[in-house]
1. Checking Ser315 against (1) within 28 Å of Leu228 (Cβ to Cβ); (2) outside any strand (DSSP E or B); (3) not charged (D, E, K, R): exactly one of these is not met. Which one?
2. In the stretch 58-77, is there at least one residue being surrounded by fewer than 13 Cβ atoms within 10 Å (Cβ to Cβ), assigned by TED's automatic domain parsing to the domain that holds Tyr116 and under 28 Å from the mean Cα position of the chain (by Cα)?
3. Would you point out which residue out of Asp246, Asp238 is touching a Lys or Arg at 6+ places or on another chain (Cβ under 8 Å) and free of Cβ contacts under 8 Å to residues at least 40 places away in the same chain?
4. If a residue has to be buried (at least 22 other Cβ atoms within 10 Å of the Cβ) and touching a helix residue (DSSP H, G or I) at 6+ places or on another chain (Cβ under 6 Å) to count, how many in the stretch 128-163 make the cut?
5. Working carefully through the options Ile298, Ile294, find the one that is outside the structural domain of Arg370 (by TED's automatic domain parsing) and either in contact with a Cys (Cβ under 7 Å, 6 or more places away or on another chain) or under 25 Å from Leu247 (Cα atoms) (or both).
6. Quick one: in the stretch 324-379, of everything that is touching a residue at least 60 places away in the same chain (Cβ under 8 Å) and aromatic (Phe, Trp, Tyr), which residue is nearest to Thr398 (Cα to Cα)?
7. Does Lys155 meet the test of being outside any helix (DSSP H, G or I), in the same structural domain as Gly282 (by TED's automatic domain parsing) and of a type in the set (D, E, K, R)?
8. Mind telling me which of the residues Lys59, Lys53 ends up being more than 24 Å from Lys90 (Cβ to Cβ), basic (Lys, Arg) and not in a helix (DSSP H, G or I)?
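The values are calculated or read from the model by the stated rules, or taken from the named source; none is laboratory data. Since we're looking at a predicted model, the values are computed, not measured. Cβ placement follows ideal geometry from the backbone for every residue including glycine, while neighbour counts extend to all protein chains displayed.
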Amino acid sequence: MSNIINIAVIGLGQIGIYLLNELNTKKKEIEIKTGKKVNVVAVSARSISKKRKFKVNKKIFFTNPMEIFKSTKIDILFEAIGLSDGISKKVVETALKNKIHVITPNKALISKHGDYLGKLAEDNHVNLEFEASVAGGIPILKTIKEGLATNKISKVYGILNGTTNYILSEMRISKDSFLNVLKKAQKLGYAEPGNPKFDLNGFDAFAKVRILSALSFKTKISKYKCLLEGIEKIELKDIEIASQLDLRIKLLGISEIINGKLFETVHPCLVSKNSYIGNVSGVMNAVILEGKPIGESILQGEGAGPGPTSSSLLSDLLSVLSGNIKKPFGIPNNKRKFIKCYNINNYSNSLYLRFEVKDKPGVLSRITNRLAKYKISVKRLIQTPDKKNNKATVIIITHKTSELNSKKCLSTFKKDVDILNFPTLIRIHN
């Protein structure tokens, strides 16, 4: 690698434009640390006229990123478009085939095509770096690949989405509704202004879980169907009841090896408000690793926003500029194995169940009898009557039960006219 490095930045959204400014303003700092001069020689986005936070040099602007490969010599390409397929995949694929190093924060692309793109990078002796794809500014992937390289990791879990963590924290603090807090998150730039569904439905966190699994367990990226639930059904009422029970609701991503099989899931969890994870608030992310001989390791930091993401992107840049060609997933592609999937039906947790019912004799005993029929035993029961509306809220905390039992049991309440809404279920994190 020569001392003058040509860089292309593809995608000038929130992250891309912030990164471009960082590259332009930190040239001297980068040169002092690496001995390399970086020059941004090409940028690409759909529109040149769009209003952006920082200036864009129109002389190096390309509407079609594929044109860059024909006309400009590039050493490193940043892909910040963010799609799982289409132009994102095409740009990264073309760069790697042309022996250009690629750095990306695109978790959707890596979680779907990481195996293929990683092999392409290996075959062409270039780097594919994606530290910024998981947990924003937290160096979690480097920690797994390098810092904990000789550890046997058995579980990795945590808060992997800053948007949902902000919403759940803010609902608890402000006692405001989900929709109002979502609007606030959008105004503050924590949630997509148009369609934040990939944050809210858990898909964003799940893409990160898949990347963490592959790195932690030295496996191919799994394609298994998983237990995936977001926070759209969480009501303020549940957050307030959780507080009374000394619990907090968090959207957790979990990946672990159970009996030699891979289990991955994303769903809301009730955690103790005295626990470490229960006190990670706002847009913060936290990742907890369990392994041998290290024991438990915790990394926490900002997981959302262009600042933390750019921090990880520049960290990857310095890694590439150091001249080390690294395996994208820490070990050679042909050493990464496929692993069987743990049966979701056997996943077991204690449960928080909320029933909204007609306040009349026999309803409560009907609920507890049905739970007993499916071997779900009650640990705690709280009944709050609403005499004015002839209704009641019934909260049941159960002992541990399997996913299959809870699913079968709750389906029996669908046709019960005395149960006003389908029961709310939130798993209690073990």
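1. (1)
2. No, there is no match, as no residue in the stretch 58-77 is surrounded by fewer than 13 Cβ atoms within 10 Å (Cβ to Cβ), assigned by TED's automatic domain parsing to the domain that holds Tyr116 and under 28 Å from the mean Cα position of the chain (by Cα).
3. Values: Asp238 fails: free of Cβ contacts under 8 Å to residues at least 40 places away in the same chain.
Selected residue: Asp246, the only one of Asp246, Asp238 that is touching a Lys or Arg at 6+ places or on another chain (Cβ under 8 Å) and free of Cβ contacts under 8 Å to residues at least 40 places away in the same chain.
4. 16
5. Of Ile298, Ile294, the one residue that is outside the structural domain of Arg370 (by TED's automatic domain parsing) and either in contact with a Cys (Cβ under 7 Å, 6 or more places away or on another chain) or under 25 Å from Leu247 (Cα atoms) (or both) is Ile298.
6. Going through the qualifying residues, I end up with Tyr352.
7. Yes.
8. Just one listed residue meets the conditions, Lys53.
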